[in-house]
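Colleague: Submitted below is the structure of interest, expressed as structure tokens.
The values are calculated or read from the model by the stated rules, or taken from the named source; none is laboratory data. Note that the coordinates shown come from a computational prediction; the quantities given were computed from them, not determined experimentally. Here the Cβ positions follow ideal geometry from the backbone for every residue, glycine too, while neighbour counts run over all protein chains shown. Side chains are part of the model used for accessible areas, which takes the heavy atoms of the whole protein and leaves out ligands, DNA and RNA. Shrake-Rupley method; radii C 1.70, N 1.55, O 1.52, S 1.80 Å.
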Amino acid sequence: MRVDLHTHTCFSDGKLSPEELVQRALKKQVSMLSITDHDTVAAYTALEGTTSRLTIIPGIELSTHWSKMEIHVVGLNIRPDSDAMDEAVDSQQQARMSRARYIAERLEKAGIPDPLAGAGKIAGNRNIGRPHFAQYLVEKGICKSPAEAFKKYLSSGNLRQHWADLPTVVNWIRDAGGIAVLAHPLKYKLTYTKLKELVDDFIQAGGQGLEVISGKQPTFQVRKLARLCEQTGLLASCGSDFHQPDLSWAELGQYPPLPKDCMPVWEQFR
Ligand code: AMP
Ligand code: MN
Ligand code: MN
Ligand code: MN
């Protein structure tokens, strides 16, 4: 069974519509899919009334901060229409807007014209994020690639200050009936000791799962994360972090299965 529990649509920074994403997942033989857009559940409203041959697990990816770092937590099997998700989305969207204004001010100081309007237009005035600023900087010819834009303009400054803290985001997910999963644990480039500290605080806050597989990963990394699950009793999740076609390292459901000794998070879904 191919399971992909971390994907994005055009309702955050992905390129496909929810329906296109579901069609692509079917083509890639994914039988269980979660759309986990950044700080929004709008994809589920868009899918209301549609049916498909795969199991869709409602999800979200919430940005938070921990120890001066931006950390992402995926909420799986949530109720998108719950009061807790309403509150989470409202609060995170306000955070996104205040962060966008902060980013725009810094870009203006660097001599870049109309960054907020430009990025807002690319985002379709919904769920504005750094990828939209990156695209604007590329379109204006200021940067050659989104990677360069991130490096030069979108990674410095106190960006994390805007987000809710770790216990708050985990509580939103739990109150919405979901399971909180620590997203792409190796992306934060922490030492093993620091990663263990993060995992301990995450569990203390009520977190229950860890992404053992995040896209194509070397086997030794998968093993390392599986061991961490075993040591801490965390459930294991897997997902591609798919944003768009043509990125082979993040294609829907294209990775080996979870190691046998992991407890798959989806066994808890009902
Ligand atoms: P945001 O949620 O607004 O902070 O944007 C974070 C998103 O930007 C991530 O989920 C990635 O999709 C994307 N991203 C992060 N770093 C880079 C990078 N160096 N180059 C291109 N995209 C990136
Ligand atoms: Mn993204
Ligand atoms: Mn993420
Ligand atoms: Mn993601």
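Colleague: Can you give me the long-range amide H partners of residue 60? Hydrogens built in the peptide plane at 1.01 Å from N, cutoff under 5 Å, separation of 5 or more residues or another chain.
Modeller: Sorted by chain and number, the residues that satisfy this are 75.
Colleague: Give the lysines whose C-alpha is closer than 27 Å to that of residue 144, dropping any in the same chain fewer than 8 places away, or say none.
Modeller: Those lysines meeting the cut-off are 15, 109, 121, 152, 187, 189, 216.
Colleague: About the Cα centre of segment 10-122, how large is the charge dipole given +1 on each Lys and Arg Cβ and -1 on each Asp and Glu Cβ? Please answer in debye to the nearest 20.
Modeller: Details: 13 positive and 16 negative charges, 106 e Å.
So the dipole magnitude of segment 10-122 works out to roughly 500 debye.
Colleague: Want the number for residue 248 to residue 20: 0.36 nm per residue separation, take away the alpha-carbon distance, what's left?
Modeller: Length gained between residue 248 and residue 20: 80.3 nm.
Colleague: Could you work out the relative contact order of the chain? I mean the mean sequence separation of Cα pairs under 8 Å and 6+ apart, divided by the number of residues, in percent.
Modeller: 21 percent
Colleague: Across all directions of projection, what mean area in square nanometres is found for the Cα convex hull of the chain?
Modeller: 13.5 nm²
Colleague: With the chain treated as a Gaussian network of Cα nodes joined by springs under 10 Å, which of 127, 158, 77 yields the largest mean-square fluctuation?
Modeller: 158
Colleague: Here's something else I'd like to know. Could you sort 153, 255 by their accessible area in this structure, using a 1.4 Å probe and putting the largest first? Please report the intermediate quantities before stating the final value.
Modeller: Numbers: 153 65, 255 35 Å².
Ranked from most to least accessible, the order is 153, 255.
Colleague: Per the helix-only calculation at 222 nm, which mean residue ellipticity applies to the chain, given -39500 (n - 2.57) for every DSSP H run of n ≥ 4 and division by its residues, nearest 500 deg cm²/dmol?
Modeller: So the helix-based figure for the chain works out to -12000 deg cm²/dmol.
Colleague: Using just the Cα positions, wrap segment 1-76 in a convex hull and report its mean projected area in square nanometres, one decimal place.
Modeller: 5.2 nm²
Colleague: With +1 on each Lys and Arg Cβ and -1 on each Asp and Glu Cβ, how big is the dipole of segment 94-158 about its Cα centre, in debye rounded to the nearest 20?
Modeller: The calculation lands at about 160 debye.
Colleague: How much of the DSSP bridge set in the chain is antiparallel, in percent, rounded to the nearest 5?
Modeller: Antiparallel bridges: around 45 percent, rounded to the nearest 5.
Colleague: Mind checking which helices in the chain clear 27 Å along their axis (Cα) and have mean Kyte-Doolittle hydropathy of 1.6 or more, DSSP H runs only?
Modeller: Going by DSSP H runs, there are no hits.
Colleague: Of 237, 52, 63, which is the most mobile in a GNM of the chain whose springs link Cα atoms less than 10 angstrom apart?
Modeller: Per the Cα network of the chain with a 10 Å cutoff, 52 tops the list.
Colleague: Next question. Between 20, 211, 251, find the one with the highest GNM mean-square fluctuation for the chain; connect C-alpha pairs within less than 10 Å.
Modeller: 20
Colleague: Also, quick follow-up: Specify whether the C-alpha gyration tensor of segment 101-149 places it in the rounded, prolate or oblate class, a ≥ b ≥ c being the square roots of the eigenvalues: rounded for a/c under 1.5, otherwise prolate if a/b is larger than b/c and oblate if not.
Modeller: The shape class here is oblate.
Colleague: Determine the distance separating the Cα centre of segment 44-107 from the Cα centre of segment 224-245; give it in Å without decimals.
Modeller: What the calculation gives is 19 Å, centre to centre.
Colleague: Same structure again: Is segment 176-243 best put as rounded, prolate or oblate by its Cα gyration tensor, with a ≥ b ≥ c the root eigenvalues, rounded for a/c under 1.5, and otherwise prolate when a/b is larger than b/c, oblate when not?
Modeller: Oblate shape, in that a/c is at least 1.5 and b/c is the bigger or equal ratio.
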